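The values are calculated or read from the model by the stated rules, or taken from the named source; none is laboratory data. For clarity, every value in this text was computed on a predicted model and none was experimentally measured. Quick reminder, even Gly has a Cβ in these numbers, built from the backbone with ideal geometry, and neighbours come from all protein chains shown.
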Amino acid sequence: MKSRFQAAQYSYPEAAIAQQQINQRLIDVLATTNQTKFKNVLEIGCGTGDFTQRLANYAEIDNWLLNDLYQSDAVMQYLADQSWHSNVSFLLGDIEQIQLPYQLDLIVSASAIQWLNDKARFLQHCAKQLNEKGILLFNSFAPDNLFEIRQLTGIGLAYPTLEQWQQWLERDFVIKHLSTETIRLTFDSPLRVLQHLRATGVTATQQQFWTKRKLQNFIAEYQQQFTTKNGQVSLTYCPIYVMVEKKLF
């Protein structure tokens, strides 16, 4: 998975239309707290830094820890131009395997949590690392995410439902925001859909080999089932937005 995302880092910014909408929506959710100053912040899965930049434009952060499986060139170039870059440090590696820092005021993650193996355990770890009334802000995706691809190929992640997230979250957090949304993109052809998925790294767990026949069948079925009124084809993202506050016990 690391190599797939690393290879996609240069094509990601232009292709990640839905992800950029999601990033801004997360900032909008955070803004409902009226908090704009945070001392210690951890961003999980910073990728190419689009959410990083949006958060930097919104909030004043004293100490910023960026995590990902690799260090993106785009993030490094962006930080080099910022006066506050000395406040940033990196924590490279699988967030489920490495030790998280304590006394965090805010943990954020945009379009990364869906890749975790044990999401419930991850939430428990976040609760331990947050200060009292610390905030956890992230998005995942609902079971219908990219249903077009799953329906035609049988490939897709196992996405928890909104109700499952609520059950996990209520153990250690007060839920401040929990919602889902549908983002429907359109493309000129099914091939453009596949190119979009490759460019964003969304196919990072796929090992399917596209034979000529498989590709022809995929294109024909996609056009038959998911062509829009204007002759394009659709691809559907279903993000779940979460903002919670650590409980006071």
Filter result for Lys128 (assigned to a strand (DSSP E or B) and either modelled with pLDDT of 95 or more or on the phi > 0 side of the Ramachandran plot (or both)): no
Conditions (1) touching a strand residue (DSSP E or B) at 6+ places or on another chain (Cβ under 9 Å); (2) among the charged types (D, E, K, R); (3) closer than 25 Å to Gln21 by Cα: number failed by Asp50: (1)
Positions within region 178-199 being small (Gly, Ala, Ser), in contact with a Phe, Trp or Tyr (Cβ under 8 Å, 6 or more places away or on another chain) and more than 23 Å from Leu26 (Cα to Cα), in sequence order: none
Any hit, region 106-118, residues being of a type outside the set (A, V, I, L, M, F, W, C), buried (at least 22 other Cβ atoms within 10 Å of the Cβ) and assigned to a strand (DSSP E or B): yes
Subset of region 142-164 (residues that are outside any helix (DSSP H, G or I) and either aliphatic (A, V, I, L, M) or under 15 Å from Asp118 (Cα atoms) (or both)): Ala142, Leu146, Ile155, Leu157, Ala158, Tyr159, Pro160, Thr161
Only listed residue being within 25 Å of Lys246 (Cβ to Cβ) and either surrounded by fewer than 18 Cβ atoms within 10 Å (Cβ to Cβ) or at pLDDT below 95 (or both), chosen from Asn87, Asn40, Asn57, Asn23: Asn87
Leading residue by the ranking (surrounded by the fewest Cβ atoms within 10 Å (Cβ to Cβ)) among those in region 204-238 that are modelled with pLDDT of 90 or more, more than 26 Å from the chain's Cα centre (by Cα) and of a type in the set (Val, Ile, Thr): Thr228
Conditions (1) over 21 Å from Ala112 (Cα atoms); (2) not in a helix (DSSP H, G or I); number of the one not met by Gln77: (2)
